[in-house]
Amino acid sequence: MSSPMKLEGVALDTIAERFGTPCYVYSRAALTAAFLAYRDTLQAHGVLARSLVCYAVKANPNLAILNVFARLGAGFDIVSGGELARVLAAGGDAAKVVFSGVGKSRAELRQALEAGIHCFNVESASELDQLNAVAGALGRRAPVSLRVNPDVDPKTHPYISTGLKSAKFGVAFEDARSLYRKAAGLPNLVIKGIDCHIGSQLRDPAPAAEAVEKVLELVDALAAEGIVLEHIDVGGGMGITYRSDEPAPHAADYLAPILERLAARSEKLVFEPGRSLVGNAGLLLTRVEVLKPGAEKNFAVVDAAMNDLMRPALYDAWHDIVPIVDAQHAVKTTYEIVGPVCESGDFLGHDRALALKEGDLLAVLSAGAYGMAMASNYNTRPRAAEVMVEGDTTHLIRRRETVAELFAAESLLP
């Protein structure tokens with residue numbers, strides 16, 4: 001047998017022994033390297049001084065992760081008042097926050113205005129009116145961008161495509177000019193920029209570059225009318241690798257064609273990466289509870305489930321799954337890696353050739369994004385612990401929930 005798998009300088013079996021399973025484990029070095037890849041690319045293209053990299057909080061909102069990025073100088077892309085509260089609790093700067101989302105409540109608009117965020121990415125005509133009213137009641141002027149839908153196909157999973165005409169996100173490209181005119185006429189708004197985000201898990205930068213070209217045409221048309229924008233927000237969306245046999249996208253390659261189109265511009269630039277900063281920086285530790293051979297399929301039932309990692313059930317997404325200790329030369333069997341949740345859709349991986357025995361530890365890789373962020377308590381299962389590895393040190397950054405906590409807010413009838 002080989003030595004146990006490590007993350008940075010810490011063996012994963014010692015993390016499982018200390019903190020239990022299922023457990024999310026993140027590498028601070030990997031988080032930092034991913035952010036610096038963006039910063040170094042912007043520096044290489046000569047645009048760093050006029051750029052703001054806003055981490056998309058929805059990818060993983062743990063306070064410790066937000067704090068790592070805040071210390072590196074990141075801004076934040078939020079989609080709720082709760083995420084704004086997290087950013088502020090983690091030491092983030094409200095003046096570096098952009099607020100996206102199609103259904104911001106009046107309470108959330110007020111919260112963000114009072115905090116002094118950088119900009120609202122407005123996604124409908126109705127939101128312009130609501131934001132104008134809320135800002136007026138506070139005696140303030142709200143900074144706004146319009147999230148413009150360029151109708152560019154990102155060629156990714158339909159659930160994470162956001163820039164087509166059929167998407168709920170943004171305002172139609174052909175309506176954008178009239179909505180900017182409307183915003184310019186509202187007394188409690190100040191136009192700051194334009195925003196465009198076409199989707200997630202993009203491996204080819206061509207669709208994003210095409211969207212930027214359309215946005216720049218609109219920016220110039222608005223300037224000709226006297227509506228001059230201060231910043232251009234090109235969104236996020238760069239993908240990661242989920243399979244060990246696929247090349248990993250890199251910020252330098254992905255951003256190059258986008259930055260080539262922006263290099264001659266004078267506007268400030270905003271970027272909203274999420275998955276690409278955290279996805280490959282984390283994994284989910286789980287233990288094999290039961291091996292269940294069958295006539296048609298063999299099942300390895302582990303203690304993690306769809307409530308811990310929703311992506312496979314939701315998107316039929318692939319995550320590499322590897323043993324913590326490689327049983328070299330052992331005979332492998334093809335398994336369905338499934339959880340104990342009472343749903344046929346509760347699986348973490350199909351058709352995985354592994355040499356397993358009950359009690360073995362597995363690592364579900366590339367689980368740093370949309371893992372714990374989407375976790376639930378389905379089947380009254382406490383959510384997993386989260387651990388940050390820093391060199392040879394481990395930090396518990398979220399303790400495991402208890403069952404009692406799950407119904408502590410509930411009451412019996414009198």
Could we say that residue 52 is of a type outside the set (Phe, Trp, Tyr), outside any helix (DSSP H, G or I) and touching a residue at least 24 places away in the same chain (Cβ under 8 Å) here?
yes
Filter result (more than 22 Å from residue 59 (Cβ to Cβ) and either surrounded by 17 or more Cβ atoms within 10 Å (Cβ to Cβ) or of a type in the set (Asp, Glu) (or both)) within segment 20-40:
21
Among residues belonging to segment 318-332 that are touching a residue at least 40 places away in the same chain (Cβ under 8 Å) and farther than 14 Å from residue 349 by Cα, point out the one that is nearest to the chain's Cα centre (by Cα).
324
Would you check which residues across segment 280-327 are of a type in the set (Val, Ile, Thr) and at pLDDT below 95 and list them?
325
Which one of these does residue 83 not meet: (1) free of Cβ contacts under 8 Å to residues at least 24 places away in the same chain; (2) under 19 Å from residue 197 (Cβ atoms); (3) touching a Pro at 6+ places or on another chain (Cβ under 9 Å); (4) not polar (S, T, N, Q)?
(1)
So which helices (runs of 4 or more DSSP H) stay within segment 227-341 end to end and still have 2 or more residues that are surrounded by fewer than 16 Cβ atoms within 10 Å (Cβ to Cβ)?
251-262, 311-315
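Might you check whether a residue that is surrounded by fewer than 16 Cβ atoms within 10 Å (Cβ to Cβ), more than 30 Å from residue 210 (Cα to Cα) and assigned by TED's automatic domain parsing to the domain that holds residue 57 occurs anywhere in segment 142-153? Give the steps one after another, and end with the answer.
As a first pass, look at segment 142-153 and keep what is surrounded by fewer than 16 Cβ atoms within 10 Å (Cβ to Cβ): 153.
Now drop any that are not more than 30 Å from residue 210 (Cα to Cα), which leaves none.
Among the residues of segment 142-153, not one is surrounded by fewer than 16 Cβ atoms within 10 Å (Cβ to Cβ), more than 30 Å from residue 210 (Cα to Cα) and assigned by TED's automatic domain parsing to the domain that holds residue 57, which makes the answer no.
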Scan segment 205-215 and tell me whether some residue there is out of contact with any Lys or Arg (no Cβ under 7 Å at 6 or more places or on another chain), under 24 Å from residue 249 (Cα atoms) and not in a helix (DSSP H, G or I).
yes
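The values are calculated or read from the model by the stated rules, or taken from the named source; none is laboratory data. Nothing here was measured: the structure is a model prediction, and the numbers come from that model. Here Cβ is always computed from backbone atoms with ideal geometry, including for glycine, and neighbour counts include all displayed protein chains.
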